[in-house]
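Here the structure comes first, spelled out in structure tokens, and everything after it is commentary.
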Amino acid sequence: MGLVPDILRGWRDPAGLVQAKLGQGEGAAVAAVMGASFLLFVAQWPRLAREAHLAPEIPLEARLGAALLGLVFVLPLVLYGLAALSQIVLRGFGMRISGYAARVALFWAFLCLTPLLLLHGLAVGFLGHGLQVSVVGAVVLGGFFYLWARMLAGVRT
């Protein structure tokens with residue numbers, strides 16, 4: 001199945017999507033988190049271009065390089081740690097899930113969120129920081145927690 005239908009299914013049936021993705025292996029989970037991280041990097045381009053235009057002492061290329069390093073190379077490692085922490089916390093509440101299941105749920109929640117992340121990046125790039133961008137950011141944050149919670153509920157054993 002293609003990526004776009006999987007993202008749409010993630011919004012319609014998060015638990016069903018994550019159950020289907022559990023059998024694909026760790027390589028597919030890594031691909032999901034790397035793809036989502038790259039799309040988040042792309043979503044930052046309008047904001048970075050705006051900032052480079054308004055403050056030209058730091059060129060756009062330097063901003064893009066820093067964002068690439070942080071989002072594509074460091075963020076997946078942070079997400080691995082967050083998945084491990086969520087597994088530990090959920091075990092404290094009596095939910096028995098494996099580390100792999102916690103990673104798949106988090107990574108696919110992040111990947112399904114990328115259309116909203118792209119919208120947020122455009123909003124920041126075109127509007128700057130303000131009420132409208134804060135509203136879009138709140139929708140993105142709420143969407144992430146909705147997807148992550150529903151996907152974690154789908155993987156519990």
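If you go through the stretch 43-92 and pick out every residue that is more than 30 Å from Ala105 (Cα to Cα) and in contact (Cβ under 8 Å) with a residue 12 or more places away in the chain, you end up with 5. When the test is whether a residue is small (Gly, Ala, Ser) and over 22 Å from Tyr146 (Cβ atoms), Ala31 passes it. Just to verify a result, which residue in the stretch 8-38, among those that are within 10 Å of Leu111 (Cα to Cα) and touching a Leu at 6+ places or on another chain (Cβ under 7 Å), is surrounded by the fewest Cβ atoms within 10 Å (Cβ to Cβ)? Looking at the filtered set, the residue picked out is Gly35. Would you confirm whether any residue within the stretch 114-129 is over 16 Å from Arg47 (Cβ atoms), buried (at least 18 other Cβ atoms within 10 Å of the Cβ) and touching a Leu at 6+ places or on another chain (Cβ under 7 Å)? Scanning the stretch 114-129 turns up no residue that is over 16 Å from Arg47 (Cβ atoms), buried (at least 18 other Cβ atoms within 10 Å of the Cβ) and touching a Leu at 6+ places or on another chain (Cβ under 7 Å). In the stretch 138-150, the count of residues that are surrounded by 15 or more Cβ atoms within 10 Å (Cβ to Cβ), at pLDDT 90 or above and touching an Asp or Glu at 6+ places or on another chain (Cβ under 8 Å) is zero.
Residue-wise test of (1) surrounded by 12 or more Cβ atoms within 10 Å (Cβ to Cβ); (2) under 30 Å from Gly16 (Cβ atoms); (3) of a type in the set (Asp, Glu).
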{"residue": "Arg50", "(1), (2), (3)": "yes, no, no"}
{"residue": "Ala55", "(1), (2), (3)": "no, no, no"}
{"residue": "Leu64", "(1), (2), (3)": "yes, no, no"}
{"residue": "Val72", "(1), (2), (3)": "yes, yes, no"}
{"residue": "Ser98", "(1), (2), (3)": "yes, yes, no"}
{"residue": "Ala102", "(1), (2), (3)": "yes, yes, no"}
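In summary, Val78 fulfils each of the numbered conditions (1) in contact with a Ser or Thr (Cβ under 9 Å, 6 or more places away or on another chain); (2) surrounded by fewer than 16 Cβ atoms within 10 Å (Cβ to Cβ); (3) at pLDDT 90 or above with the single exception of condition (1). Residues in the stretch 116-152 that are in a helix (DSSP H, G or I) and over 28 Å from Lys21 (Cα atoms): Leu122, Ala123, Val124, Gly125, Phe126, Leu127, Leu131, Gln132, Val133, Ser134, Val135, Val136. Annotation note: Cβ proximity below 8 Å between a residue of the stretch 143-155 that is closer than 10 Å to Cys112 by Cβ and without any contact (Cβ under 8 Å) to a residue 40 or more places away in the chain and a residue that is buried (at least 17 other Cβ atoms within 10 Å of the Cβ) and among the small types (Gly, Ala, Ser) (sequence gap 6+ or interchain) occurs for Phe144/Ala109.
For the condition part of a helix (DSSP H, G or I), more than 18 Å from the chain's Cα centre (by Cα), over 22 Å from Gly137 (Cα atoms) and of a type in the set (A, V, I, L, M, F, W, C), Leu90 qualifies.
If you check Val72, Val104 for being within 30 Å of Phe126 (Cα to Cα), of a type in the set (Val, Ile, Thr) and in contact with a helix residue (DSSP H, G or I) (Cβ under 7 Å, 6 or more places away or on another chain), only one passes: Val72.
The values are calculated or read from the model by the stated rules, or taken from the named source; none is laboratory data. The structure presented is a predicted model; accordingly, all values stated were derived computationally and were not measured. Note that each Cβ is placed from the backbone with ideal geometry, even for glycine, and that neighbours are counted across all protein chains shown.
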